[in-house]
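Heads up: the structure comes next, in structure tokens.
The values are calculated or read from the model by the stated rules, or taken from the named source; none is laboratory data. These numbers come from a predicted model, not from an experiment. FYI the Cβ positions are ideal-geometry reconstructions off the backbone, even for glycines, and counts take in every protein chain you see.
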Amino acid sequence: MEQLIIPEQDIVNALCVYISRKKQVKLEEVEIELMFDDDYGFSAESHVGGRKQVLITANMIEALRLWLDEFLNRDPYAGINLVLDDEQGIIAVVQ
């Protein structure tokens with residue numbers, strides 16, 4: 001099976017859907033900022049109603065599994081790796 005590359009904007013979209021469902025707010029109320037740190041790896045910040053929440057890599061993978069299942073009709077249990085790409089930013093490689 002070939003690799004699927006999920007671009008940075010789709011990762012943000014997946015996290016928006018994930019947070020809107022967890023917090024039971026409208027999708028438009030969620031803002032996401034992706035981050036990478038050499039010491040801590042991948043993370044994201046969500047902002048909803050003036051409140052900030054830090055999402056760790058595991059939360060990001062969970063959101064991507066939801067995205068794969070509901071929006072791409074792909075196996076949500078496929079291997080997902082987050083990658084920092086010089087040109088594309090933060091992407092997800094699905095095996």
Scan segment 4-62 residue by residue and report those that are farther than 20 Å from residue 82 by Cβ, of a type outside the set (Val, Ile, Thr) and not in a strand (DSSP E or B). 20, 21, 23, 24, 26, 27, 28, 29, 49, 50
Kindly indicate whether any position in segment 41-53 is more than 21 Å from residue 31 (Cα to Cα) and without any contact (Cβ under 8 Å) to a residue 24 or more places away in the chain. no
Among the candidates 28, 33, which residue alone is surrounded by 10 or more Cβ atoms within 10 Å (Cβ to Cβ), at pLDDT 95 or above, under 19 Å from residue 9 (Cα atoms) and touching a helix residue (DSSP H, G or I) at 6+ places or on another chain (Cβ under 9 Å)? 33
Working only within segment 37-95, note down all residues that are polar (S, T, N, Q), exposed (fewer than 13 other Cβ atoms within 10 Å of the Cβ) and at pLDDT 95 or above. 73, 81, 88
